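Worksheet: the structure to be examined is printed underneath.
The values are calculated or read from the model by the stated rules, or taken from the named source; none is laboratory data. These figures come from a predicted structure and were not determined experimentally. As a convention, Cβ positions derive from the backbone with ideal geometry for all residues, glycine included, and neighbour counts pool all protein chains shown.
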Amino acid sequence: MAELTTLARPYAKAAFEVALQNSSLDSWSGMLRLSAAVTADESIRGLLNSPSLSSEQIADAFISVCGDELDEKGNNFVHLLAENKRLVLLPEISLLFENLKANQEKSVDVEITTAFEISSDVSSKLAQALKDRLQREIKLATSVDQSLIGGAIIRAGDNVIDGSVRGKLSKLAESMNS
């Protein structure tokens with residue numbers, strides 16, 4: 001995993017710089033997301049690893065699958081990745097690009113998982129508290145997982161706050177077994 005990130009990082013940064021210069025962060029985000037989804041398809045993976053095809057043929061086939069969703073710069077990016085045999089890195093490139101974009105926009109995706117449905121008033125108060133604490137715009141998503149028993153788990157980027165009853169019981173069981 002770390003190796004993939006290391007290989008993908010320069011491409012993600014290059015794509016981000018081009019997108020930033022052209023004020024097209026959202027467009028690039030969509031192109032990379034689509035390209036990552038295409039790369040995940042099993043038949044496309046077989047194409048990407050085909051030793052009988054040239055990098056030009058692989059890039060052209062990949063672009064034809066994406067259709068008109070890629071602009072000229074997106075097509076050039078795919079050709080560059082194909083030449084360097086790095087098309088398989090597109091999911092990781094997309095993820096790194098989204099992180100760079102979120103940092104640029106000073107925003108973070110937050111997922112709150114609770115044992116029971118929470119009201120919009122509670123979720124807006126949580127969003128405001130997280131906004132104050134993280135000093136970023138919050139994109140909030142909520143879900144329900146009754147196996148938590150009570151409480152909530154909050155995921156904001158790399159930060160995880162486990163305030164669930166299930167989490168506390170697990171910690172208690174670990175400390176009793178140690």
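Quick one: would you say residue 62 is over 21 Å from residue 107 (Cβ atoms) and either at pLDDT 95 or above or crowded, with 17+ Cβ neighbours inside 10 Å (or both)?
For residue 62, the condition - over 21 Å from residue 107 (Cβ atoms) and either at pLDDT 95 or above or crowded, with 17+ Cβ neighbours inside 10 Å (or both) - is met.
Please go through region 20-57 and pick out each residue that is under 27 Å from residue 99 (Cβ atoms), surrounded by 13 or more Cβ atoms within 10 Å (Cβ to Cβ) and of a type in the set (A, V, I, L, M, F, W, C).
Listed by number, the residues that qualify are 20, 25, 28, 31, 32, 34, 36, 37, 38, 44, 48.
Given the criterion under 16 Å from the mean Cα position of the chain (by Cα), modelled with pLDDT of 90 or more, assigned by TED's automatic domain parsing to the domain that holds residue 13 and part of a helix (DSSP H, G or I), identify the matching residue among 95, 81.
Of 95, 81, the one residue that is under 16 Å from the mean Cα position of the chain (by Cα), modelled with pLDDT of 90 or more, assigned by TED's automatic domain parsing to the domain that holds residue 13 and part of a helix (DSSP H, G or I) is 95.
Condition first: among the acidic types (Asp, Glu) and either in a helix (DSSP H, G or I) or surrounded by 17 or more Cβ atoms within 10 Å (Cβ to Cβ) (or both). Can you find one or more residues in region 103-116 that meet it?
yes
Which of the numbered conditions does residue 153 fail, given that it passes all the others? Conditions: (1) under 25 Å from residue 26 (Cβ atoms); (2) in the same structural domain as residue 170 (by TED's automatic domain parsing); (3) in contact (Cβ under 8 Å) with a residue 40 or more places away in the chain.
The single condition residue 153 does not satisfy is (1).
Which residues, counting only those in region 117-152, are in contact with a Gly (Cβ under 7 Å, 6 or more places away or on another chain) and either at negative phi or loosely packed, with under 14 Cβ neighbours inside 10 Å (or both)?
152
Applying the selection to region 153-165, what residues are part of a loop (DSSP other than H, G, I, E, B) and buried (at least 16 other Cβ atoms within 10 Å of the Cβ)?
164 - this is the single residue of region 153-165 that is part of a loop (DSSP other than H, G, I, E, B) and buried (at least 16 other Cβ atoms within 10 Å of the Cβ).
Right, residue 36: assigned to a helix (DSSP H, G or I) and in contact with a Pro (Cβ under 8 Å, 6 or more places away or on another chain) or not?
Yes, satisfied.
Quick check on my filter: what residues within region 25-35 are in contact with a Lys or Arg (Cβ under 8 Å, 6 or more places away or on another chain) and hydroxyl-bearing (Ser, Thr, Tyr)?
29 - this is the single residue of region 25-35 that is in contact with a Lys or Arg (Cβ under 8 Å, 6 or more places away or on another chain) and hydroxyl-bearing (Ser, Thr, Tyr).
Residue 141 passes all but one of (1) in a helix (DSSP H, G or I); (2) closer than 30 Å to residue 36 by Cα; which number fails?
It is condition (1) that residue 141 fails.
List, please: which pairs have Cβ atoms under 6 Å, are six or more places apart or on different chains, and start with a residue in region 156-178 that is of a type in the set (Lys, Arg) and end with one that is in a helix (DSSP H, G or I)?
Listed pairs, sorted by first residue: 166/148.
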